[in-house]
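The values are calculated or read from the model by the stated rules, or taken from the named source; none is laboratory data. It should be emphasised that the depicted structure is a prediction, and the values quoted were computed from it without experimental measurement. Methodologically, a virtual Cβ is constructed for each residue, glycine included, from the backbone with ideal geometry; neighbour enumeration extends over all protein chains shown. Accessible surface areas use protein heavy atoms only, side chains included; no ligands, DNA or RNA. Shrake-Rupley method; radii C 1.70, N 1.55, O 1.52, S 1.80 Å.
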Amino acid sequence: MDTPNPVGTARRSDFWLRTGYVFALVLLLGSGLFSWQNIQSLIHARQDQEGTNQMLDHLASLQIDVSDCTNYAYVYFSTGQAADMQLCEQQRQIVRRDLKDFEDRFSNSMLQAHRFSPIKQLVEDRLGLEEKAMQSSEAEGLKAGLAVMQSEQFKQNQDDLRAQIKNLKSTEAISLQQDQETNEQSANSAEIATGLATVLGVAFLAGATFRLLRDLRVHKEAENQLRDARDKLEIRVQERTAELQRAKEVAERADNAKSSFLAVMSHEIRTPMNSIIGFADLLADTALTSEQHEYARAISSNSDQLLSLINDILDFSKIESGRVDVEPLPMDLRGCVEEVIETILPRSGQRSIEMLCDIAPNAPAAVLADGGLLRQVLTNLVGNAMKFTEKGEIVVGVQLKEVLSGEPKRVLLEFRVSDTGIGIPAEKVDRLFKPFSQVDSSTTRKYGGTGLGLAISKRLVEAMGGQLGVTSTEGQGSSFYFSLPVELADDIAPTSWRLPEHLVSGRKLLLIDEKPVRSRILQDFAKQFGLSVEAETLSERASARIEAGEKFDLVLFDSTTPAKDIRRMQAVTSTWPLPPAFIICDHDCNTTKPENAWLSGAVRKPIRLSQFYDTTLDILKERNQAQTDSPSMVSSPFPVANFHPLRILLVEDNYGNRQITQLLLRKLGYHPVSVEHGTACLELVSLQPFDLILLDVQMPGIDGLETARRLRIWEREHGRDSHLNGAAYVCALTANAIKGDREVCLDAGMDDYLAKPVHSSDFRALVERAWACKAPPYGSQSGEAAADVG
């Protein structure tokens, strides 16, 4: 029987003990290494959580600051206060510091920097749009800036920024959830490791468990804080949005109130101004003492200044509120320019200034443009030139600058108003187009004016797609110019100014004029008529040519030509079988006076192509009749009514306006029939035809708009479907002058529109337009037209 070996047993026990120690040591080391890895994972997860929490905190702060910046911008565009603009700029600086802080804090995390990059770009775009809005408000007004803030680009930026912030929050929330799961897995692994090393890893497990619990508690607290911050942010955004909506509603109500006020005040002021200016003009034409004449002149002059001031303020208010609408319509280019000159010169009271219309022969006759805005710009520029020019000439020129490539029906026209006035110093040109600003404050006292005319003109030209500029030399004059892209009007046939061949064949015109520009313009006119033209700048040379035996049919001379040279030419030509027709170019020469009986005709300044055409046509007809022993034409003491016979009906409820309109029309040779309301107008039209109806808009009973509608219906029912078939030419005569009133009248069936107060020159231009619609073209034979002439 074998006995136990104590040595072997001891050795075996020692082996197992050593094996157990080794195993325990290996287990301890493995458990320690595994636990150390889990500890490091927990540390990194905590750092990631802290970074995520910091990003969410900064993101919430950035979102609030960006929202505040936008709100301050809206407040500024609503109030226009400089303090609000400064707050807006300060808030933009805060947003930029937030962006810089993001870059500094998370520069070591490429992942977070990459996630934040789209938000940073959108915020920078938002700041750029707000700065663009500020620049637009400085250049074009608060409405322009507000339009940028309300643009689709700005709204898209808001939506994109909101979406990116929401996505980043969701991404970070997912990251937090993943970190939490990682922490839980690490904790479970640590518990397993400490369970396997029950004795040797108790201390380490306790420490790891404590740290894990602390991290979980911090994470939970961070989640609660983030939830509270998000709730507060949403509440603040809702409050700011509500405040912005209330501010927008207040601004819209204020803008509507201002529009209504402007419309009412325009009508109420213009109605009495019409009577004041009209009666002042009539009073000045009566027999007065020199003192009384001076008083009448002062009333008329100051009334015109007051009306100009009212118009400037109303126009500037409309432009500032963004209510300038460009409506291109077919228009006669030459008629527009000549009408501006014809209208403004009599009101200026100046006769020492030569007004010239220089339209290049290659300029289109008819274009699509906003005639009202174009007339207003030209009127402002011509009025400005008239104010600062004491003598010399003012030239309104139009030329075809270029045909726009790729668009054969669109051309670029250049308009230019040049004068020989006081000029502008080069260092002060930049003040010209600023509202309520003049080059020199002392000129305000000497020349008057609000400083709004050029500012309004610049805004209107820009609205039509052009740019207004100026060149000037101090002491020599100025030249204002602008180019407009326009489309050719196909529905208006160009007027042919060629005289009948049997009248112009072989006819020669001698032109005597010392002014090069005026001489060139008159030569262009005569060549369009088909005449052969010889021009001389000195009357001595002209008389010498006639004395040398050179034959002419027409002699056109300026009123400043020395009388002795004219008498020399008369003396030589008096022996001719058919002496030449002498035509004077003057401001107000009346050929019916006995002392002017030797004149064959007169071209009234400012020179209009149509008027020069009529004068030349009448003279050549008379000479043709004289050569065939036919009786010569007899001049009428009322040239307007004689050449444009019209039956006129005046519909006006205001006694003063009715009286002044009748008197102004009688000065032109007409005797209009007048009624007080629309019902009487319709009854009278059914009994007798009228060529021209002046229709007031605001009347008791049925107003002018409804009267026009009923009149057009009655005319169509009775076969009067056009002006040539008997339809009346209807013109609105109203004190309403707000943008859109003209269109309302035209939509009601009217043909024309005159805003009170109205001058005699306005009625002269009106009857010419009415006659052009109702009369056949030159050269055709028409039946006799009835006329209300005395």
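Residues checked against (1) modelled with pLDDT under 85; (2) closer than 30 Å to ASP524 by Cα; (3) acidic (Asp, Glu); (4) within 40 Å of the chain's Cα centre (by Cα):
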{"residue": "ARG623", "(1), (2), (3), (4)": "yes, yes, no, no"}
{"residue": "ALA626", "(1), (2), (3), (4)": "yes, yes, no, no"}
{"residue": "MET633", "(1), (2), (3), (4)": "yes, yes, no, no"}
{"residue": "ARG647", "(1), (2), (3), (4)": "no, no, no, yes"}
{"residue": "TYR655", "(1), (2), (3), (4)": "yes, no, no, yes"}
{"residue": "SER674", "(1), (2), (3), (4)": "no, no, no, yes"}
{"residue": "GLN698", "(1), (2), (3), (4)": "no, no, no, yes"}
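Looking at segment 465-524 only, could you name the residues that are in a helix (DSSP H, G or I), open to solvent by less than 20 Å² (accessible area, probe 1.4 Å) and of a type in the set (D, E, K, R)?
Step one: list which residues in segment 465-524 are in a helix (DSSP H, G or I), which gives 501-504, 516-524.
If we keep only those that are open to solvent by less than 20 Å² (accessible area, probe 1.4 Å) as well, we get 503-504, 518-519, 521-522.
Across segment 465-524, the qualifying residue is only ARG518.
Taking the criterion of being under 24 Å from ILE277 (Cα atoms), over 23 Å from the mean Cα position of the chain (by Cα) and not charged (D, E, K, R), the residues of segment 736-767 that qualify are PRO757, VAL758, HIS759, SER760, SER761, PHE763, ALA765, LEU766, VAL767. Summed over segment 360-416, residues that are of a type in the set (Val, Ile, Thr) and over 29 Å from GLY740 (Cα atoms) total 4.
Against the condition within 48 Å of the chain's Cα centre (by Cα) and open to solvent by 10 Å² or more (accessible area, probe 1.4 Å), how does LYS527 come out, does it pass? Don't jump to the end; show me each part of the working.
Numbers: within 48 Å of the chain's Cα centre (by Cα): yes; open to solvent by 10 Å² or more (accessible area, probe 1.4 Å): yes.
Yes: the conditions hold for LYS527.
Of all positions in segment 579-595, none carries a residue that is closer than 20 Å to ARG623 by Cβ, among the hydroxyl-bearing types (Ser, Thr, Tyr) and either in a helix (DSSP H, G or I) or modelled with pLDDT of 90 or more (or both).
Residue-wise test of (1) of a type in the set (Val, Ile, Thr); (2) modelled with pLDDT of 90 or more.
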residue: ALA455; (1), (2): no, no
residue: LEU460; (1), (2): no, no
residue: GLY469; (1), (2): no, no
residue: SER472; (1), (2): no, no
residue: GLY477; (1), (2): no, no
residue: THR495; (1), (2): yes, no
residue: LEU509; (1), (2): no, yes
residue: SER519; (1), (2): no, yes
residue: LYS527; (1), (2): no, yes
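Residues to consider are LEU213, LEU200; find the one that is assigned to a loop (DSSP other than H, G, I, E, B), open to solvent by 60 Å² or more (accessible area, probe 1.4 Å) and either at pLDDT below 80 or out of contact with any Gly (no Cβ under 8 Å at 6 or more places or on another chain) (or both). After applying the criteria, what remains is LEU200.
For segment 433-451, which residues satisfy the criterion of being closer than 27 Å to VAL326 by Cα and either modelled with pLDDT under 60 or in contact with a Ser or Thr (Cβ under 9 Å, 6 or more places away or on another chain) (or both)? Before the answer, list the steps.
So the first thing to find is which residues in segment 433-451 are closer than 27 Å to VAL326 by Cα, and the list is 433-437, 449-451.
Scanning segment 433-451 gives PHE433, PRO435, PHE436, SER437, GLY449, THR450, GLY451.
Can you pull out the strands (runs of 3 or more DSSP E) entirely within segment 667-754 that have at least 2 residues that are open to solvent by less than 60 Å² (accessible area, probe 1.4 Å) and touching a residue at least 40 places away in the same chain (Cβ under 8 Å)? Reasoning before the result, please.
Numbers: elements: 673-675, 692-696, 729-734.
Of the strands (runs of 3 or more DSSP E) lying wholly inside segment 667-754, those with at least 2 residues that are open to solvent by less than 60 Å² (accessible area, probe 1.4 Å) and touching a residue at least 40 places away in the same chain (Cβ under 8 Å) span 692-696, 729-734.
Picking from residues in segment 358-387 that are open to solvent by 40 Å² or more (accessible area, probe 1.4 Å) and in contact with a strand residue (DSSP E or B) (Cβ under 8 Å, 6 or more places away or on another chain), the one that is farthest from ALA463 (Cα to Cα) is ASN362. TRP771 fulfils the conditions (1) within 17 Å of LEU665 (Cβ to Cβ); (2) of a type outside the set (Lys, Arg); (3) open to solvent by 20 Å² or more (accessible area, probe 1.4 Å); (4) modelled with pLDDT under 85 except for a single criterion, (4).
Report the residue count in segment 555-572 for those that are open to solvent by 50 Å² or more (accessible area, probe 1.4 Å), over 54 Å from the mean Cα position of the chain (by Cα) and either in contact (Cβ under 8 Å) with a residue 24 or more places away in the chain or under 16 Å from GLU514 (Cβ atoms) (or both). Residues that pass the stated criteria total 2.
Only a single item in (1) more than 35 Å from the chain's Cα centre (by Cα); (2) part of a helix (DSSP H, G or I); (3) of a type in the set (A, V, I, L, M) is not met by LEU664, and it is number (1). Is there a residue being surrounded by fewer than 16 Cβ atoms within 10 Å (Cβ to Cβ) and modelled with pLDDT under 70 anywhere in segment 327-343? Scanning segment 327-343 turns up no residue that is surrounded by fewer than 16 Cβ atoms within 10 Å (Cβ to Cβ) and modelled with pLDDT under 70. Based on what the data block shows, is PHE552 without any contact (Cβ under 8 Å) to a residue 60 or more places away in the chain, within 30 Å of ARG334 (Cβ to Cβ) and open to solvent by less than 20 Å² (accessible area, probe 1.4 Å)? Yes: the conditions hold for PHE552. Only one entry in LEU288, LEU368 is at pLDDT 80 or above and not in a helix (DSSP H, G or I), namely LEU368.
Can you pull out every residue in segment 74-104 that is in a helix (DSSP H, G or I), among the polar types (S, T, N, Q) and under 15 Å from GLY145 (Cα atoms)? Correct list: SER78, THR79.
What are the residues in segment 388-399 that are open to solvent by 10 Å² or more (accessible area, probe 1.4 Å), over 15 Å from SER483 (Cα atoms) and not aliphatic (A, V, I, L, M), if any? Explain how you work it out, then say what you get.
Applying the first criterion (open to solvent by 10 Å² or more (accessible area, probe 1.4 Å)) to segment 388-399 yields 388, 390-393, 395, 397, 399.
Filter once more, so that each one left must be over 15 Å from SER483 (Cα atoms): 388, 390-393, 395.
Once the filter is applied, which keeps residues that are open to solvent by 10 Å² or more (accessible area, probe 1.4 Å), over 15 Å from SER483 (Cα atoms) and not aliphatic (A, V, I, L, M), segment 388-399 yields PHE388, GLU390, LYS391, GLY392, GLU393.
Going by the conditions given, is ALA535 at pLDDT 80 or above, assigned to a strand (DSSP E or B) and under 30 Å from ALA571 (Cα atoms)? Yes; evaluated as a whole, the condition is true for this residue.
Taking every residue in segment 414-440 that is on the phi > 0 side of the Ramachandran plot and part of a loop (DSSP other than H, G, I, E, B) and pairing it with any residue that is modelled with pLDDT of 70 or more and among the charged types (D, E, K, R), at least 6 positions away or on another chain, the pairs with Cβ-Cβ distances below 8 Å are GLY423/GLU474. Check segment 108-125 and report whether any residue there is under 33 Å from the mean Cα position of the chain (by Cα) and open to solvent by 60 Å² or more (accessible area, probe 1.4 Å). Checked segment 108-125: at least one residue is under 33 Å from the mean Cα position of the chain (by Cα) and open to solvent by 60 Å² or more (accessible area, probe 1.4 Å). Each residue in segment 224-244 was checked for being open to solvent by less than 90 Å² (accessible area, probe 1.4 Å) and either over 18 Å from ALA60 (Cα atoms) or modelled with pLDDT under 85 (or both), and 2 pass.
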